[in-house]
1. Hey, among VAL327, VAL331, which residue is in contact with an Asp or Glu (Cβ under 6 Å, 6 or more places away or on another chain) and open to solvent by less than 10 Å² (accessible area, probe 1.4 Å)?
2. Can TYR88 be described as of a type in the set (Ser, Thr, Tyr), in contact (Cβ under 8 Å) with a residue 40 or more places away in the chain, over 18 Å from LYS158 (Cβ atoms) and open to solvent by 50 Å² or more (accessible area, probe 1.4 Å)?
3. Within the stretch 141-172, track down each residue that is part of a helix (DSSP H, G or I) and over 13 Å from LYS72 (Cα atoms).
4. Would you check which residues across the stretch 277-292 are outside any loop (DSSP other than H, G, I, E, B) and open to solvent by less than 10 Å² (accessible area, probe 1.4 Å) and list them?
5. Quick check, is GLU291 free of Cβ contacts under 8 Å to residues at least 12 places away in the same chain and out of contact with any Pro (no Cβ under 9 Å at 6 or more places or on another chain)?
6. What do you reckon, is PHE213 in contact with an Asp or Glu (Cβ under 7 Å, 6 or more places away or on another chain) and aromatic (Phe, Trp, Tyr)?
7. Quick one: how many residues across the stretch 14-26 are open to solvent by less than 80 Å² (accessible area, probe 1.4 Å), part of a helix (DSSP H, G or I) and either aromatic (Phe, Trp, Tyr) or closer than 15 Å to ALA159 by Cβ (or both)?
8. If you check GLU151, GLU107, GLU139, which single one turns out to be surrounded by fewer than 20 Cβ atoms within 10 Å (Cβ to Cβ), within 11 Å of the ligand (Cβ to nearest atom) and not small (Gly, Ala, Ser)?
Amino acid sequence: EKAGYEHFMIKEIFEEPKVIKDTINPRIKDGKISLDSINLTSEDLEKIEKIYIVACGTAYHAGVAGKYLIEKLARIPVEVDVASEFRYRDPIISDKNLVIIISQSGETLDTLFALREAKKKGARVLSIVNVVGSSIARESNDVLYTWAGPEIAVASTKAYNTQLSALYLIALDFAMKKGRIDEEFYKRIIEELRNIPKAIESILENKEIIQKFASEHYNAKSIFFIGRGFDYALSMEGSLKLKEISYIHSEAYAGGELKHGTIALIEEGTLVICPMTQDDLMEKMISNIREVKARGATVLAIAKESNKQAEKAADVVFTIPDVDSLVAPIVAVTPLQLFAYYMAVQKGCDVDKPRNLAKSVTVE
Ligand code: F6R
């Protein structure tokens, strides 16, 4: 069943190019995005004053990237929340809101109850779900399936890449319908999305670089992830992945926020992982790297091939192909997943079945 792979997790990471293709390609017809049977017209979108994205764990981290993306492209305000907070805070929702629910299993109880709360208050619910016919899929007004296939490893990997892919399709479609982007940009980003599977294949070919880095650092007691913009969302996901399967303490911080307290924890030899894929935030990120290096940190950067600044600033750079910064998150998460995986393997952890965790959380 593992098809020659040592664990389901690594098998599933290697499936990413295919499942991203399966999620994106059928939704592009004659150069235009077509979201299955979801019929949100321009008029419907005009009525939406705010979007809420609600999910748990890894799906929530996809939502954080989704917020940045929808706000950037479609210029609709987006609030993103974890389901267990959202459902108990009497959220201000009406028929002027669209609620986007994200769930791999479609059975996470807090997420399901958040969906019911949103529907009760009159919002339209669009869910991004992997398991066909699951509770969340059945109870939503609209469903956009991620075609990630079954995910067996407890740590979610390929599902996250496809959740992001679905959010790109939604954001581009909304942006076009609202007249916020022009045809040329729309076409160019669709082309970029189509090229993502190839970019991930090249990352997978270079996996030994991460494997080697992990073999040198698996004794770390605490690891920090810092990033700005989309890279902040990626940092959260990289940190969660590492914690859940390798049991190494880790925190994710927005690059600019570290200096407001947490930088006190950086000392000689502390490992700091920096995804830095956003061209417009590069200068700021470089100064954040300097701040931690000045306190003795060892820095691993995840940066685009052509990024010469990253090479100078970080101790080690794992390069990703030169994709547009806008779509970089779908590509740059893969090295972070590989990093968590190899750290856990080095430590001899039960990668596919980490302690205290279940694949589908059906308790509140
Ligand atoms: C992390 C992980 C969990 C899930 C979360 C939501 O690797 O798997 O954080 O992402 O429990 O699960 P779904 O997406 O099934 O609602």
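The values are calculated or read from the model by the stated rules, or taken from the named source; none is laboratory data. Quick caveat: nothing in here was measured; it's all calculated off a predicted structure. For neighbour counting, all protein chains shown are included, and Cβ atoms are generated from backbone atoms with ideal geometry for every residue, glycine included. Surface areas here come from the heavy atoms of the whole protein model, side chains and all, with no ligands, DNA or RNA. Shrake-Rupley method; radii C 1.70, N 1.55, O 1.52, S 1.80 Å.
1. Sole residue among the options that is in contact with an Asp or Glu (Cβ under 6 Å, 6 or more places away or on another chain) and open to solvent by less than 10 Å² (accessible area, probe 1.4 Å): VAL327.
2. no
3. Passing the criteria: LYS158, ALA159, TYR160, ASN161, THR162, GLN163, LEU164, SER165, ALA166, LEU169.
4. MET285, ILE286, ASN288, ILE289, VAL292
5. It is false that GLU291 is free of Cβ contacts under 8 Å to residues at least 12 places away in the same chain and out of contact with any Pro (no Cβ under 9 Å at 6 or more places or on another chain).
6. Considered against the rule, which asks whether it is in contact with an Asp or Glu (Cβ under 7 Å, 6 or more places away or on another chain) and aromatic (Phe, Trp, Tyr), PHE213 comes out as no.
7. 8
8. On inspection, the qualifying residue turns out to be GLU107.
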